[in-house]
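Before any comments, here is the structure.
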Amino acid sequence: MPETTKTAAEETVPVAAAPAEAARDSGPAPGKPRSLAADAWAELRRNPLFVISAVLIFFLLVVAAFPSLFTSADPTAGDLSEHFLDKPKLGHFFQPDWFGYDNQGRSIYARVVYGTRVSIIVGVGVTVLVTVFGGLLGMLAGYFGGLWDTILSRLTDIFFGIPFLLGAMVVLNAFTDRTVWTVIGALAFLGWTQITRVMRGAVITAKHADYVVAARALGASTSRILFRHILPNAVAPVIVVATIALGTYIVAESTLSFLGLGLGTNDVSWGGDIDTATDHIRNAPHLLFFPAGMLSLTVLAFIMLGDAVREALDPKLR
Amino acid sequence: MGRYVARRLLQMIPVFLGTTLIIFLMVNVLPGDPVAALWGDHPPDPAQMAQIKQERGLDLPLWHQYLNYLGGLLQGDFGSTIAGDRPVLGEMADAFPVSIRLALMAFVFEMVVGITLGVMAGVKRGKLIDTGVTVFTLLVISIPVFVLGLLGQQVLGTQLGWITPTVRDSMNLGQLLLPALVLGSLSLAYVARLTRTSIAENLRADFMRTAVAKGLPRRRVVSVHLLRNSLIPVVTYLGTDIGALMAGAVVTEGIFNVQGVGNLLFQALARREGTVIVGCVTVFVLIYLVANLLVDLLYAVLDPRIRYA
């Protein structure tokens, strides 16, 4: 009988504990086996997909951390003498009017720059929460088995059945003043199941390995076995799923803001700006184009990173 | 086979109860009083509010309310809306046929185009068409659905005039076409990627070498031997997707003014109509559970080695 509840992600994810390949021509010392991590890193550096996405993500992180380096304009200051129907001045690099103005006379360039922070914080925040908590639950269920596994797996099934975006909408609808942390909490509350399932499967594969038996025979404590022996060998598929999920959390945040259920109007968010743009899309398409473009570019960067990491960690794809 | 299905159906019960309980709690525990919302921005009249709560059983403890709700469900009663006291079942009966149409159109689109693209790319791995499909799927995944919807509406509807920008008749298949394409686009990209990976992996399998060595025509090798063996992960994805398409249609239905479940839910959220939300999600969960069972039964059709005792 097949595992009854597999997700698409699990199917494509590498099975844990790929045998460390013997050193190849480019390896460190001849004959010395390289760890999976070192092997993956060597693989990654040669992948143009990874290099492009890493540069893009580094750039986005810098923009999110220091937006004032890129624009002197205040993203929330509206100047109604600047009309939103005026075409953007595409020659005015890094000037407030580079991408034109929105319907309240705010610089779209400044808003695009400052909006990066929300997307990155939500994406990274949800991913960290989900990976830590979901991963921990998955480890407990996979390692201890028995009653733990039954309870945690049923709980996972239950949460997996709740539609992700819809559930987040219901949770967020209850809060009147929503902050980045409310959005992160709501998305993490509904999104942890995928990581738990992947981690559980990987731990079950790893826990019967000889090195685990050996460690136990040597008297290693449960926590030492779990964190020093099993975790490093089970973490690869989790990293892959988490990287790809990061992009989808960014999309989820902007979708919620677009629907008016994400961040309030005081926060600068691409999704909220796209919502504003819908009323003027016919006469002022630049209101839509720039935030949507940046949003898509950010998601693209993380999806490409996830693809590159998957290729590096999955021995089947070599 | 019969015993397997019976066991799976029994296993569904705790999951179903758990999911409805969670969504029921999410709707009721979180702040915001739907009865107070009847008064809008005005302060509610306490006596009237207490009376309405008593009539609807909303003054009972939460576990009692949940049991009442479950009891109603068993008799096919989804409760009634707080404003207007209309039966939720009637509201859903208006909205679900629209969403099912939309979701089925999106489903057929993503399945046919997605698998075709995936096979084309997987068979010619590393060639131009593979790169093309990969870039296309990356772009489709990166552009959020609501941006895609707005762009499609603007370009095809307003500027070119090929379609009506918003849907006037929600049961008209022609008008639902663009919303369905937009709705199915993201899953299409995932289906294409899954198919491509799976096909590329199976290309090296022993049964492929045998089939080629037997001298079978290439068309038959690909369409029967390769495709059938590569479809299991794709079928798994498609199975969970049919419910996700309906639940995820909130955005698409909003943009194109489709009067489906997404629209119903969005309005219910704004008016804090908990019974409508719980009712719709309950149906989604049922669809998801049944689709999962069907997928597992389909495995046996695709791979005769899988048997259900």
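Tabulated data for the structure shown
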read-out: Coordinate range along principal axes, alpha carbons of the stretch B:213-309, Å, largest first; value: 65, 36, 14
read-out: Principal semi-axes in Å for the stretch A:242-318 [√(5λ), Cα gyration tensor, largest first]; value: 31, 14, 7
read-out: Compactness of chain A as Cα Rg over 2.2 N^0.38 Å, two decimals; value: 1.16
read-out: Nearest-ten-degree value, helix A:180-191 long axis tilted from longest Cα axis of chain A; value: 40 degrees
read-out: Rg/Rh (Cα only; Kirkwood hydrodynamic radius) as it applies to the stretch A:189-318; value: 1.20
read-out: Contact order normalised by residue count of the stretch B:54-162, Cα under 8 Å, 6+ apart, percent; value: 8 percent
read-out: Sum of -39500 (n - 2.57) over DSSP H runs of 4+, divided by residues of chain B (222 nm, nearest 500); value: -23500 deg cm²/dmol
read-out: Rounded to 10°, Cα long-axis angle of helix A:108-129 versus longest principal axis of chain A; value: 20 degrees
read-out: Mean separation of Cα contacts under 8 Å, 6 or more apart, over the residue count of chain B: relative contact order %; value: 26 percent
read-out: Two-decimal log10 I(q)/I(0) for the protein assembly as shown, as the Debye equation yields it once each C-alpha is a single scatterer, q = 0.05, 0.07, 0.08 Å⁻¹; value: -0.24, -0.48, -0.64
read-out: Most fluctuating residue given options B:V222, B:V113, B:V29, as computed from a GNM of chain B linking Cα atoms under 10 Å; value: B:V29
read-out: Taking N as its residue count, the alpha carbon Rg of the stretch A:77-220 over 2.2 N^0.38 Å; value: 1.63
read-out: Coordinate range along principal axes, alpha carbons of the stretch B:2-74, Å, largest first; value: 57, 20, 16
read-out: The stretch B:22-157 - Rg (one decimal) and Dmax (whole number), Cα, Å; value: 24.1, 74
read-out: Degrees between helix B:46-56 axis and first principal axis of chain B (Cα, 0 to 90, nearest 10); value: 50 degrees
read-out: Residue exposure sequence - B:L150, B:L62, A:L246, A:L218 - by fewest surrounding Cβ within 10 Å; value: A:L218, B:L62, B:L150, A:L246
read-out: Packing-based exposure ordering (other Cβ within 10 Å, fewest first) of A:K207, B:K124; value: B:K124, A:K207
read-out: Cα centroid of the stretch A:275-318 to Cα centroid of the stretch A:105-158, whole Å; value: 19 Å
read-out: The stretch A:252-269 versus the stretch B:65-94: alpha-carbon centroid distance in Å; value: 31 Å
read-out: Per residue, the convex hull volume that the Cα atoms of chain B enclose (Å³); value: 165 Å³
read-out: Mean separation of Cα contacts under 8 Å, 6 or more apart, over the residue count of chain A: relative contact order %; value: 24 percent
read-out: Neighbour-count ranking [beta-carbon atoms within 10 angstrom, fewest first] of A:D79, A:D267, B:D241; value: A:D79, A:D267, B:D241
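Any read-out appearing in this document is the output of simple, stated calculations on the displayed coordinates, not a laboratory observation. None of the values given here were measured: they were computed from a predicted structure. Note: ideal-geometry Cβ built from the backbone for every residue, glycine included; neighbour counts use all protein chains shown.
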